[in-house]
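What follows is a single structure, written as C-alpha cells, with notes after it.
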Amino acid sequence: MPQQGPQDAGPGTGRTLVSGGSGFIGSHLVERLLGRGDRVTVVDDLSTGRRSNLPEEHPRLRFIEATVKDAIAVFGPGERFDEIYHLAAAVGVQRVLEDPIRAIETNVEQTSAVFRFATRCGPGGGAARVLITSSSEVYGKPSSTEFREDDDVLYGPTTVLRWSYAQTKAIDEYLALAHHARRGVPVVVVRLFNTVGPRQVGSYGMVLPRFVESAIYGRRLEVYGDGTQSRCFCDVRDVVEVLPRLLAESACHGRVFNVGSDEPIAIGDLAHLVIRTLGSSSEIHHVPYASAYPDGFEDLHHRRPSLERVRKAVNFRPKYSLVQTIVDLASSLREESSAGEGRR
Ligand code: UDP
C-alpha cells in the first residue's frame with residue numbers, strides 16, 4: 001500500500017505542481033489548472049514571478065516561495081503529484097547575459113532536481129507526468145526559416161555567452177528525454193516561441209510589452225535595426241490551453257513540440273500595429289543594433305515554428321488575434337500602473 005500523505009487525496013483529483021507558477025506564463029497556466037479542478041502547488045522563488053499574478057486566496061492553491069530544488073528537499077515522503085509543469089527558468093537571453101552563472105545553474109540544477117523527484121512522487125510512488133517548457137532559442141543559429149523539432153542545431157562558440165542559454169535549455173531537454181527513455185517518466189518537452197499577453201512586463205526586454213507600454217504613455221517605440229526582422233507572436237492564453245492537453249496524451253510522451261504562432265510579423269509593422277490599435281500618438285524611433293545591443297548580441301532575423309507536429313497531435317488552433325492581445329496587454333499594464341499608484 002503506498003504511503004498516503006497530506007496532499008494525497010487519491011487518483012483522479014489532479015494534484016499538480018507548477019514551478020515558476022507566479023510568472024507571466026506560469027500564472028496563466030495555474031489559472032487554467034485551477035479552472036479544471038486541480039489542486040495546485042505553485043513553487044516560485046519570485047526572482048521574476050510576482051505573487052500578485054496569482055489569486056491571493058484559493059481553496060485549491062498552495063503557494064511556496066522557494067526554488068523548486070529547495071521545495072522538493074523539504075517535501076514529506078507522502079507528497080504526491082499526478083503532474084508537474086516545470087516552468088521555472090531564467091527569463092530572457094538579455095537577463096541571462098547579466099548573470100550567466102546563476103542562469104546556467106538555475107536552468108540545469110532545477111530541472112535535474114525536478115526529474116529526480118518526478119521518478120518517485122507520482123501516484124503510488126511511481127513517476128509523475130512532467131512537462132518542461134524549453135525555448136525556441138534551442139534552435140541556435142537557424143539553418144532554415146521554419147524551425148522543425150528534429151532540425152540539427154548550430155550554436156556559436158562557448159566564448160560567446162549568449163549561447164549558454166540555448167545550451168542549458170538543450171541539456172534540460174536531454175534530461176527530460178533520457179528520463180523518459182531510461183526511467184519511464186512520461187515527459188513532454190515544449191519549445192515555446194514568442195509568447196505574449198496580459199501580465200507580461202517590458203523589463204526583461206520583450207518587444208511587445210515594451211511597445212505597448214511606450215504607446216500607452218506616448219513615449220517613442222524603439223525599433224531595433226531597420227525593423228524588417230520578424231517574429232510570430234502567440235497569446236499566452238492559447239499557449240496554456242494546449243500544455244495540459246499535450247501532457248494528457250500518452251502518444252505525446254517522450255516527444256518535443258513547438259508551441260507558438262506561425263504567422264510572422266516584421267517588428268517595424270508590429271510597432272505600427274500597436275500604435276494604430278491603441279490610438280496612440282507615439283512615434284517610432286529606429287535604434288541601430290550597435291546601440292541596442294552594445295555587447296554585440298546577434299539578433300535573429302526570422303523565427304517561425306513549424307506547427308505541424310502539435311497540430312497533428314492535439315489539433316492546436318490559437319484563437320487570440322494579435323490585435324486582441326495588444327488590447328488586453330494594454331489593459332493589464334494600465335491596471336497594474338493604477339494599482340501601483342494606489343499602493344503609493
Ligand atoms: N526589439 C525591438 N525593440 C525593443 C525590443 C526588441 O525592436 O524594444 C526587437 C528585437 O531586436 C527582436 C524582436 O524585437 O528582433 C523580438 O525581441 P524579443 O526580445 O521580444 O524576442 P526574441 O528576440 O527573443 O525573439
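The values are calculated or read from the model by the stated rules, or taken from the named source; none is laboratory data. Keep in mind that this is a model prediction, so the values were computed, not measured. So basically every Cβ, Gly included, is an ideal-geometry build from the backbone, and we count neighbours across all protein chains shown.
Looking only at residues in the range 83-103 that are surrounded by fewer than 19 Cβ atoms within 10 Å (Cβ to Cβ) and among the aliphatic types (A, V, I, L, M), which one is farthest from the chain's Cα centre (by Cα)?
The qualifying residue farthest from the chain's Cα centre (by Cα) is 101.
Pick out the one residue from 191, 182 that is part of a helix (DSSP H, G or I) and either charged (D, E, K, R) or within 17 Å of residue 87 (Cα to Cα) (or both).
Exactly one residue qualifies, and that residue is 182.
Are there any pairs with C-beta distances below 7 angstrom linking a residue in the range 21-42 that is within 14 Å of residue 198 (Cα to Cα) to a residue that is in a helix (DSSP H, G or I) and basic (Lys, Arg), with the two at least 6 apart or on different chains, and if so which?
Close Cβ pairs satisfying both conditions: 22/51; 28/237.
Only one residue in 238, 262 is within 16 Å of the ligand (Cβ to nearest atom) and among the charged types (D, E, K, R), so which one is that?
Just one listed residue meets the conditions, 262.
Have a look at 302, 285 and point out the one that is farther than 22 Å from residue 143 by Cβ and either of a type outside the set (Ser, Thr, Tyr) or out of contact with any strand residue (DSSP E or B) (no Cβ under 7 Å at 6 or more places or on another chain) (or both).
Going through 302, 285 in turn, just one is farther than 22 Å from residue 143 by Cβ and either of a type outside the set (Ser, Thr, Tyr) or out of contact with any strand residue (DSSP E or B) (no Cβ under 7 Å at 6 or more places or on another chain) (or both): 285.
Looking only at the range 44-82, which residues are part of a loop (DSSP other than H, G, I, E, B), over 19 Å from the mean Cα position of the chain (by Cα) and closer than 25 Å to residue 108 by Cα?
Selection gives 75, 76, 77, 79, 80, 81, 82.
Considering each residue of the range 324-343, count those that are exposed (fewer than 13 other Cβ atoms within 10 Å of the Cβ) and either within 16 Å of the ligand (Cβ to nearest atom) or not hydroxyl-bearing (Ser, Thr, Tyr) (or both), and give that number.
6
Does the range 233-250 contain any residue that is in a loop (DSSP other than H, G, I, E, B), closer than 26 Å to residue 114 by Cβ and of a type outside the set (Ser, Thr, Tyr)?
Checked the range 233-250: at least one residue is in a loop (DSSP other than H, G, I, E, B), closer than 26 Å to residue 114 by Cβ and of a type outside the set (Ser, Thr, Tyr).
Residues of the range 176-222 being over 30 Å from residue 128 (Cβ atoms) and hydrophobic (A, V, I, L, M, F, W, C), which ones?
201, 206, 207, 208, 211, 212, 215, 216, 221
For the range 98-136, give me each residue that is more than 15 Å from residue 167 (Cβ to Cβ), within 16 Å of the ligand (Cβ to nearest atom) and in contact (Cβ under 8 Å) with a residue 60 or more places away in the chain.
133
Just give me the residues in the range 309-341 being more than 20 Å from the chain's Cα centre (by Cα) and of a type in the set (Asp, Glu), in sequence order.
Within the range 309-341, 335, 336, 341 qualify.
Residue pairs, Cβ under 7 Å, 6 or more apart or interchain, first in the range 205-231 and part of a strand (DSSP E or B), second within 7 Å of the ligand (Cβ to nearest atom) and among the charged types (D, E, K, R). List them.
Correct list of pairs: 224/299; 231/303.
Name the single residue that is surrounded by the fewest Cβ atoms within 10 Å (Cβ to Cβ) among those in the range 205-229 being near the ligand (Cβ under 8 Å from one of its atoms) and more than 19 Å from residue 327 (Cα to Cα).
205
In the range 193-204, which residue that is within 13 Å of the chain's Cα centre (by Cα), more than 9 Å from the ligand (Cβ to nearest atom) and at negative phi is modelled with the highest pLDDT?
Among those that are within 13 Å of the chain's Cα centre (by Cα), more than 9 Å from the ligand (Cβ to nearest atom) and at negative phi, it is 195.
In the range 300-322, is there at least one residue being under 30 Å from residue 159 (Cα atoms), within 15 Å of the ligand (Cβ to nearest atom) and exposed (fewer than 13 other Cβ atoms within 10 Å of the Cβ)?
Among the residues of the range 300-322, at least one is under 30 Å from residue 159 (Cα atoms), within 15 Å of the ligand (Cβ to nearest atom) and exposed (fewer than 13 other Cβ atoms within 10 Å of the Cβ), which makes the answer yes.
It is to be established whether one or more residues within the range 111-129 are out of contact with any Leu (no Cβ under 7 Å at 6 or more places or on another chain), of a type in the set (Ser, Thr, Tyr) and within 24 Å of residue 202 (Cα to Cα).
no
State all residues of the range 277-306 that are among the small types (Gly, Ala, Ser) and in a loop (DSSP other than H, G, I, E, B); if no residue qualifies, say none.
279, 280, 281, 282, 296, 306
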